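Below is one structure; the comments refer to it alone.
The values are calculated or read from the model by the stated rules, or taken from the named source; none is laboratory data. Nothing here was measured: the structure is a model prediction, and the numbers come from that model. Neighbour counts are summed over all protein chains in view; Cβ atoms, including those assigned to glycine, are modelled from backbone coordinates with ideal geometry. Note: accessible area is taken over every heavy atom of the protein model, side chains too, but ligands, DNA and RNA are not part of it. Shrake-Rupley method; radii C 1.70, N 1.55, O 1.52, S 1.80 Å.
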Amino acid sequence: MQQLAERTGAVLRLDLQAVRHNYRLLQNRLGTSRCGAAVKADAYGLGAEQVANVLYQEGCRHFFVAHLEEAIALRPSLPSDAHLIVMHGSPVGCEAEFIAHGCMPVLNSLQQIQDWSALAQRQQQRLPAIVQFDTGMARMGLSAQEVEALQNDPSLYAGIDVQYVMSHLACAEDQHNPMNRQQLERFQALRTLFPGSKATLANSSGIFLGSDFHFDLARPGAALYGVAPVAGQENPLRAVAHLQGRLIQTRDIPAGTGVGYGSTWRSKEASRIATVAVGYADGWLRSLSNRGVAHIAGFEAPMVGNVSMDTITLDVTHIAPTYLQPGTFVDLISATNTVDDVATRANTIGYEILTSLGTRYYREYSDECPAT
Ligand SMILES: *Cc1c(COP(=O)(O)O)cnc(C)c1O
């Protein structure tokens, strides 16, 4: 269904100029290492096609998605010299689809390696891939023993052109966590078993751990989309997503009135309540009940009562009525209430706020001065 600006309940503004700025900032920090991009989950909910296109224009050539389906959907939007990499690797039996759709798997297990190798031998051609090592996250990739098993029997990966070896950091947003260095050292050791391959380790936060972590290619996602990469430090990235919800109506209630499902908030004094057309069905998490805030003409209004499926309710008692006309837009994600601020109030991370952004929003992309 096509949303229309005039009748929408909420507007999600996506600033592609900010994505460009963030890519340049990260590429700059990486120096001679290349900056790729994680565009999985529809570029964290912001629109994979739009985001990948501007990143390509900025020089990005390595695009990471999680699922094969995501790669198949994105492939037609990208020029053929863009590498499209599927981090989950191939679903069992779907290896040939990678060739049909021009994308490359990350091989995470001996089984995936053997299946990719079998396809290479059937096709009598060398097939490119990335091999992932588990250096301490215990989620994806080969254990140290499995890497050694491969080394002892290279026929296991016959026909595979291991373009990169890869691993993923578990605690990179915490710069003082000893895990970072431990994983780096394990990665450096395992890497020597594939001397001809390039290497990729850093996600967004990994880029800020220093050049030891950069290797040949980084794979940032969140930082490109404005999420703060380093816990407890000022965010150098520019915000990309701006969300406004439409005020539907206001009402005056006496002291002692319960608001919303479960009456979890009760007015202590005579109050004015505004109802806004965004709810948990739009990804406005229910955990923001009685914790979130909105801004109206710059004034902060606390969210009171439980978040409903389609609405939230704000205490606007102290905001002048001229700012409270039905149809007014209320700021939900903004410069004063960033994705990270909203996440803190919702007891989650900016990643979840972005990837939850709803499909009912009217989406408006801006890209003021596209590269030529
Ligand atoms: C999601 C993901 C990334 C990107 O992580 P950010 O923290 O968003 O920069 C990089 N590598 C892997 C393996 C991932 O799953």
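Can you tell me how many residues within the range 294-311 are touching a residue at least 24 places away in the same chain (Cβ under 8 Å) and either open to solvent by less than 10 Å² (accessible area, probe 1.4 Å) or outside the structural domain of THR264 (by TED's automatic domain parsing) (or both)?
Result for the range 294-311: 6.
If you scan the range 216-266, which residues turn out to be more than 16 Å from the ligand (Cβ to nearest atom) and acidic (Asp, Glu)?
Result: GLU234, ASP252.
Each row is one residue, and each column tells you yes or no for (1) surrounded by fewer than 18 Cβ atoms within 10 Å (Cβ to Cβ); (2) in contact with a strand residue (DSSP E or B) (Cβ under 6 Å, 6 or more places away or on another chain); (3) in contact (Cβ under 8 Å) with a residue 24 or more places away in the chain; (4) under 28 Å from GLY358 (Cβ atoms).
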residue	(1), (2), (3), (4)
GLU6	yes, no, no, yes
LEU14	no, yes, yes, yes
VAL19	no, no, yes, yes
TYR23	no, no, yes, yes
THR32	yes, no, no, no
ALA38	no, yes, yes, yes
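Working only within the range 102-116, note down all residues that are surrounded by fewer than 16 Cβ atoms within 10 Å (Cβ to Cβ) and closer than 26 Å to PRO76 by Cα.
Answer for the range 102-116, where residues must be surrounded by fewer than 16 Cβ atoms within 10 Å (Cβ to Cβ) and closer than 26 Å to PRO76 by Cα: just GLY102.
Looking at the range 295-311, can you tell me whether even one residue there is polar (S, T, N, Q) and part of a helix (DSSP H, G or I)?
For the range 295-311, residues polar (S, T, N, Q) and part of a helix (DSSP H, G or I): absent.
I need a count of the residues in the range 54-67 that are more than 15 Å from the ligand (Cβ to nearest atom) and part of a helix (DSSP H, G or I). Walk me through how you get there before you give the answer.
Residues of the range 54-67 more than 15 Å from the ligand (Cβ to nearest atom): 54, 56-59, 61.
This time we only want the ones that are part of a helix (DSSP H, G or I), so: 54, 56-57.
Qualifying residue count for the region: 3.
If you go through the range 68-86, how many residues are touching a helix residue (DSSP H, G or I) at 6+ places or on another chain (Cβ under 8 Å), away from the ligand (no atom under 13 Å from the Cβ) and farther than 25 Å from LEU12 by Cα?
5
How many residues, within the range 133-181, are surrounded by 15 or more Cβ atoms within 10 Å (Cβ to Cβ) and outside any loop (DSSP other than H, G, I, E, B)?
Residues meeting the conditions: 15.
Do we find that VAL65 is open to solvent by 20 Å² or more (accessible area, probe 1.4 Å) and not small (Gly, Ala, Ser) in this structure? Steps first, please.
Values: open to solvent by 20 Å² or more (accessible area, probe 1.4 Å): no; not small (Gly, Ala, Ser): yes.
Spelling it out, it is not the case that VAL65 is open to solvent by 20 Å² or more (accessible area, probe 1.4 Å) and not small (Gly, Ala, Ser).
In the range 35-51, which residues are of a type outside the set (Val, Ile, Thr) and within 14 Å of the ligand (Cβ to nearest atom)?
From the range 35-51, those of a type outside the set (Val, Ile, Thr) are 35-38, 40-50; that's our starting set.
Passing the criteria: CYS35, GLY36, ALA37, ALA38, LYS40, ALA41, ASP42, ALA43, TYR44, GLY45, LEU46, ALA48.
Among the residues of the range 68-104, what is the count of those that are over 20 Å from the mean Cα position of the chain (by Cα) and either outside the structural domain of ILE130 (by TED's automatic domain parsing) or not in a loop (DSSP other than H, G, I, E, B) (or both)?
The qualifying residues number 8.
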